[in-house]
Amino acid sequence: MFVPEGMTEEGVLKEIQQIVDKIAHSYTFGYYDLEDIKQEAMIEAIEVLPKYDTTRPLANFLFVHIKRRLLNLLRNKYRRTDAPCYLCHNQYYYINILHYL
């Protein structure tokens, strides 16, 4: 993991975790729960760290990149083309069938 000059790995991870905890709940949807969204956000934050400009605040940089990544995830994955699992969603399945009858 890239660690910006003058910071520690623990400090960077703490900063990332605070931002992820603050915004992840706003992006849960469909088959993605809070833990899935947090994992995606953490991955994005770690991947984007080498692009960080040390003259700017780290929190702002991470917030913008994580937010954009989660918006892209929401846009790209909001609709699933595969059918829901019959065992997990059989009540939902029957409700939709009755709606069309």
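Structure above, values below:
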read-out: Karplus 3J(HN,Hα) series, Hz, for segment 55-70 with 6.51 cos²θ - 1.76 cosθ + 1.60 (x for Gly, Pro); value: 7, 10, x, 5, 4, 5, 4, 5, 4, 5, 5, 5, 4, 5, 5, 5
read-out: Calculated from backbone phi, Karplus (6.51, -1.76, 1.60) coupling profile of segment 5-11 in Hz, x at Gly/Pro; value: 4, x, 10, 9, 4, 5, x
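Each value in this text was obtained by applying a stated rule to the coordinates, not by laboratory testing. Just so you know, these numbers come straight off a predicted model, no measurement behind them.
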